Amino acid sequence: MRKFLLTAIFCLTVSAAAHGACIVTDPTGTPLNIRSAPNGEIIGTLRNGASVTIRATSYDGQGRLWAYIGAGWVFREFISCY
């Protein structure tokens, strides 16, 4: 049981680290909208180069991937993680 628990903790840590260093890379030339829900009401914006951390992801009704960054939801395609 202990070995399983350590493996699970390691996998969660690696998964979180994989999204640790992300920046806004919106190719449209306008600030990236922050929304209240995937494709929801606009509640703010971010400029290209802003650092963000993806905390969760979800799909909207049209099958597009969104990322929750703590302040709200952004279109995942416009976030680059390294």
Can you give me the distance in nm between label points at T25 and I42, each placed 7 Å from the Cα along the Cα-to-Cβ direction?
2.4 nm
How much length is gained if the chain between Y59 and C81 is pulled fully straight, taking 0.36 nm per residue apart and subtracting their Cα-Cα distance, in nm to one decimal?
6.1 nm
Could you tell me how many cubic angstrom of Cα convex hull volume the range 31-82 has per residue?
72 Å³
Most to least packed among 27-34, 58-65 [average Cβ atoms within 10 Å]:
27-34, 58-65
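Bear in mind that the values in this text are calculations on the coordinates, not laboratory data. Because the structure is predicted, anything quoted here is derived from the model rather than measured. Every residue, glycine among them, receives a Cβ derived from its backbone with ideal geometry; neighbour counts consider all protein chains shown.
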